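The values are calculated or read from the model by the stated rules, or taken from the named source; none is laboratory data. The structure presented is a predicted model; accordingly, all values stated were derived computationally and were not measured. Backbone-built Cβ (ideal geometry, glycine too); neighbour counts: all protein chains shown.
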Amino acid sequence: MILRARLAQSLSRQVRTTHTGRVPAVRKDSSAVQPFSEIPGQWKNSVANLYTFWKMDGLRNIHRIMVHNFNMHGPIYREKVGYYESVNIIKPEDAAVLFKAEGHYPKRLRVEAWTSYRDYRNRKYGVLLKDGEDWKSNRIILNKEVISPKMQGNFVPLLDEVGQDFVARVYKKIERSGQNEWTTDLSHELFKYALESVSHVLYGERLGLLLDYIDPDAQHFIDCITLMFKTTSPMLYLPPALLRHTGARIWKDHVEAWDGIFNQADRCIQSIYRQLRKNPEASGKYPGVLASLLMLDKLSIEDIKASITELMAGGVDTTSITLLWTLYELARHPDLQEEIRAEISAARIASKGDVVQMLKMVPLLKGALKETLRLHPVAVSLQRYITEDIVLQNYHIPAGTLVQLGLYAMGRDHRIFPHPEQYRPSRWLRSQSHYFRSLSFGFGPRQCLGRRIAETEMQLFLIHMLENFRFEKQRQVEVRSTFELILLPEKPIMLTIKPLNASR
Ligand code: HEM
């Protein structure tokens, strides 16, 4: 069935203008739904497009190219680069139509490099890569253990402990600097914080990454995740099978990176598994996601291993980079930093030591994280293969088409977010409409499985850090982002961290 949600609106328009305000070149009859072949964009010569893409350094600039394309073609365009073809949209009301047509088994763009590695090493797919009924049955079980609101109470003490240890570590660094402040690029420390946090939740145990001496295997794991993301983006447009058969360096590095990730996850999983077999009696304490899944006995061990590995791999760069961008924005906005600190302080007093309650009392802090993800989203786009014919911007889109919602472009569009260049967490407070605008973690049953862990971990980090330190940035230069499957700062972000209580 064709969804005609936007049809009535477009029927009434006699002359349509594009997103940039210009009259579109091809628009013969605005009263009828236009065919798929009429969608503007570069999709007729995929090889030429791939060449232009390389010339524009498209790999690292994919997000800016999308903004450019929306400005050129309007709020919908079709594109074919290399071997993949998609329709791209930007408007919240079109996102609503898209997600209604995602079907019972929502399917994203497949990252061929990741599935090729699993097939090559004969390793199972986890929930990130599975599709269809297999995905659904695994996801339903994982949802209860990972994303259900009930789990937050279990995760909070584990994540709170890591947050407090991070503060202690920063004090130590400041003391060692001998200057009562510490100027640094925090990214490596944040990677360690994120891995320590996600591991504590998954395994119920600490890895010890916030100590002075860290396990080289854990450091190797972090390096492997960075390498895995870095080597994935060039393979988005070239078939990994070809690279594998030609012995390309990029494929070899990619395999080495995933091998390192799986080896470290295997070590952690084996250790918990052994402990559980030795001492199956529950101590009353929450044992972590892995042990809960093993005790539940509803998924095969191989399925559990595959998904736990994906949770561990997905749980490092995503949150650490978002925290880095948030500190960067707060350092650039000292008044806002003070306002959020005051909100935290009031929440601490009102919640009387109940951290779960406290997290319900910090809307501006939560708005800051949403605002960070609006300007610096982890994912440049959300994608779905639609399962039924739909109409978007008065164009017919046939079932089976890959439709991408440009998250980065949407976050920076002034028609959707007034003054998009301004970092304003208050725009996320309740009084305003957020209809299909807050999509940084995706949408619906296929949304980010780690969302609850990520949000809790990031909120607690900011609470502890803002209660103890002030963040400053020396030069007010804009830091742009670069695409390495996720969006990263193009250059190091140097921050100065000062204790609030200088006598401490
Ligand atoms: C700032 C933090 C994060 C952001 C912005 C983020 C964003 C996303 C997005 C946009 C998706 C795709 C959703 C969709 O297609 O609708 C996704 C999927 C996923 N994320 Fe996250 N993520 C974050 C942190 C995490 C963490 C910490 C974990 C693990 C603990 C994680 C694990 C996953 C998994 C397993 C999936 C695939 C789910 C599925 O296909 O069923 N993410 N994430």
In region 291-310, what count of residues is obtained for those that are more than 12 Å from the ligand (Cβ to nearest atom) and part of a helix (DSSP H, G or I)?
11
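Across region 406-422, what is the number of residues that are in contact with a Lys or Arg (Cβ under 6 Å, 6 or more places away or on another chain) and crowded, with 18+ Cβ neighbours inside 10 Å? Can you show your working first?
Initial filter on region 406-422 (in contact with a Lys or Arg (Cβ under 6 Å, 6 or more places away or on another chain)): 411, 420.
Keeping just the survivors that are crowded, with 18+ Cβ neighbours inside 10 Å gives 411.
Matching residues across region 406-422 total 1.
Determine, yes or no, whether G411 is more than 19 Å from A368 (Cβ to Cβ) and within 18 Å of the chain's Cα centre (by Cα).
Working: more than 19 Å from A368 (Cβ to Cβ): no; within 18 Å of the chain's Cα centre (by Cα): yes.
Criteria not met by G411.
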In the set I225, I250, I269, I261, the lone residue that is in contact with a Lys or Arg (Cβ under 8 Å, 6 or more places away or on another chain) and either β-branched (V, I, T) or free of Cβ contacts under 8 Å to residues at least 12 places away in the same chain (or both) is I269
Residues that are buried (at least 21 other Cβ atoms within 10 Å of the Cβ), under 19 Å from P40 (Cα atoms) and in contact with an Asp or Glu (Cβ under 6 Å, 6 or more places away or on another chain), drawn from region 346-405:
L392
Can you tell me which of (1) without any contact (Cβ under 8 Å) to a residue 24 or more places away in the chain; (2) within 24 Å of G260 (Cα to Cα) is the one Y120 doesn't meet?
(1)
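Is it the case, given these coordinates, that D94 is surrounded by 15 or more Cβ atoms within 10 Å (Cβ to Cβ), among the acidic types (D, E) and part of a helix (DSSP H, G or I)? Lay out the reasoning, then the answer.
On the way: surrounded by 15 or more Cβ atoms within 10 Å (Cβ to Cβ): yes; among the acidic types (D, E): yes; part of a helix (DSSP H, G or I): yes.
Judged against the criteria, D94 is a match.
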Test for D57: is it on the phi > 0 side of the Ramachandran plot and either of a type in the set (D, E, K, R) or at pLDDT below 70 (or both):
yes
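Under the condition of being among the hydrophobic types (A, V, I, L, M, F, W, C) and assigned to a helix (DSSP H, G or I), which residue from region 194-214 is nearest to the ligand (Cβ to nearest atom)? Spell out the reasoning first.
Pass one, region 194-214, residues among the hydrophobic types (A, V, I, L, M, F, W, C): 194-195, 198, 201-202, 207, 209-211, 214.
Adding the requirement that they be assigned to a helix (DSSP H, G or I) leaves 194-195, 198, 201-202.
On the way: A194: 7, L195: 10, V198: 5, V201: 7, L202: 8 Å.
Restricting to residues being among the hydrophobic types (A, V, I, L, M, F, W, C) and assigned to a helix (DSSP H, G or I), the top hit is V198.
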Evaluation of K305 against (1) without any contact (Cβ under 8 Å) to a residue 24 or more places away in the chain; (2) crowded, with 19+ Cβ neighbours inside 10 Å; (3) charged (D, E, K, R) (one fails), failing number
(1)
In region 125-138, residue nearest to the chain's Cα centre (by Cα) [restricted to those that are surrounded by fewer than 19 Cβ atoms within 10 Å (Cβ to Cβ) and in a helix (DSSP H, G or I)]:
K136
Among (1) out of contact with any helix residue (DSSP H, G or I) (no Cβ under 7 Å at 6 or more places or on another chain); (2) touching a residue at least 40 places away in the same chain (Cβ under 8 Å); (3) away from the ligand (no atom under 16 Å from the Cβ); (4) part of a helix (DSSP H, G or I), where does E175 come up short?
(2)
Among residues of region 311-353 being under 26 Å from the mean Cα position of the chain (by Cα) and β-branched (V, I, T), the residue farthest from the ligand (Cβ to nearest atom) is I344
Within region 101-121, is there a residue that is within 14 Å of the ligand (Cβ to nearest atom) and at positive phi?
yes
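Results for (1) surrounded by 19 or more Cβ atoms within 10 Å (Cβ to Cβ); (2) within 30 Å of M312 (Cα to Cα); (3) touching a Leu at 6+ places or on another chain (Cβ under 6 Å), shown as yes or no for each residue.
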{"position": "Y435", "(1), (2), (3)": "no, no, no"}
{"position": "S438", "(1), (2), (3)": "no, yes, no"}
{"position": "L460", "(1), (2), (3)": "yes, yes, yes"}
{"position": "Q474", "(1), (2), (3)": "no, no, no"}
Considering only region 359-375, I want to know if a residue exists there that is under 22 Å from the mean Cα position of the chain (by Cα), more than 29 Å from R475 (Cα to Cα), among the polar types (S, T, N, Q) and within 14 Å of the ligand (Cβ to nearest atom).
no
Scan region 448-465 and report the pairs whose first residue is among the basic types (K, R) and whose second residue is within 7 Å of the ligand (Cβ to nearest atom) and outside any helix (DSSP H, G or I), with Cβ atoms within less than 9 Å and a gap of 6+ or a chain change.
R451/F441; R451/G442
Region 440-458, residues that are near the ligand (Cβ under 6 Å from one of its atoms), part of a helix (DSSP H, G or I) and either touching a strand residue (DSSP E or B) at 6+ places or on another chain (Cβ under 7 Å) or under 19 Å from M312 (Cβ atoms) (or both):
I453, A454
